[in-house]
Amino acid sequence: MNVITTLSAFRKLPHIIVLLPLVMLLAACSPSHMVKKDDKFNIATVQPQPGKAALVVARTTSFGGAINFFTHIGKKAIGVTRGKSCIAKTDIEPGLQYLIARSESLETGKINFEPDKVYYVQQSPRMGWVVARISMTPLSQAKMLEEIGPDGCEYYVIDEKDPIDDLSDHEIQEAVTDYEREVTEGFHKEFTEYKGTVVKK
């Protein structure tokens, strides 16, 4: 390889570095640690267990599909989303709890879970330094169904043979401290005012 060819290759390198995150954002496949249960899941069928609350977390677009979003209630992992997919938990203890999503960084919300209600949170990717960062938005059931579309979402549950690590003490402290500081700065009103959806039996 001559000097001119080498210089030309190096000039292209920054473009490759810039394009790599974009390629990762557009790709999609099954999330890590998860097993698919349904190709066209209807989130409106999710019901909480008696005296408990339920949570549906969904990504409603394939954009950012190559990136795993690890999702936790407090320190405990409840699933991973990737691409257009959803997870659900139906046995949440009532009370204030932190919902934390992790990729390149931590994104946090706080929900006052009430018994016999279902809560819906949309996860969306946004650009980060290396991989996608996360935005979380609480929605009504009707709005989440609209965002997902008529074909439903791919529904995943945790693979019992491949468990997910819980958050460390340092991670949970960072997530909670940052969230509570941001609340005092006027952010996260979408969570502080969120009431969930009453279950119709």
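For Ile158, Ile134, which order do you get if you count the other beta carbons within 10 Å of each Cβ and list the fewest first? Walk me through the intermediate numbers first.
Working: Ile158 17, Ile134 25.
If I rank by nearby Cβ atoms, fewest first, I get Ile158, Ile134.
Using 21 Å as the Cα-Cα cut-off, could you pick out the over-long pairs in Lys89/Lys110; Lys89/Lys189; Lys52/Lys110; Lys37/Lys75?
Pairs exceeding 21 Å: Lys89/Lys189; Lys37/Lys75.
Could you tell me the calculated FRET efficiency between Glu171 and Thr61, based on Cβ-Cβ distance and R0 = 35 angstrom, to the nearest 0.05? Intermediate values should be presented prior to the final figure.
On the way: r = 27 Å, r/R0 = 0.76.
The pair Glu171/Thr61 has a calculated efficiency of 0.85.
With θ taken as phi - 60° and the coefficients 6.51, -1.76 and 1.60, list the Karplus ³J(HN,Hα) couplings across region 179-187 in order, rounded to whole Hz; mark glycine and proline as x.
4, 5, 5, 5, 4, 5, 8, x, 8
Tabulate in residue order the Karplus-calculated ³J(HN,Hα) for region 69-83, using 6.51 cos²θ - 1.76 cosθ + 1.60 with θ = phi - 60°, rounded to whole Hz; enter x for Gly and Pro.
Karplus-based 3J(HN,Hα) across region 69-83 equals 10, 7, 10, 9, 10, x, 7, 7, 6, 10, x, 9, 10, 7, x Hz.
Taking the number of other C-beta atoms within 10 Å as the exposure measure, put Ser168, Ser124 in order starting with the fewest.
Working: Ser168 10, Ser124 17.
Taking fewest neighbouring Cβ atoms as first place, the list is Ser168, Ser124.
Across region 99-201, how large is the tail of the calculated P(r) beyond 15 Å, expressed as a percent of all Cα pairs?
72 percent
Just so you know, all these numbers are worked out from the coordinates, no wet-lab data involved. In this text, all values refer to a predicted model and were calculated from it rather than measured experimentally. Cβ coordinates were reconstructed from backbone atoms using ideal geometry, including for glycine residues, and neighbour counts include every protein chain displayed.
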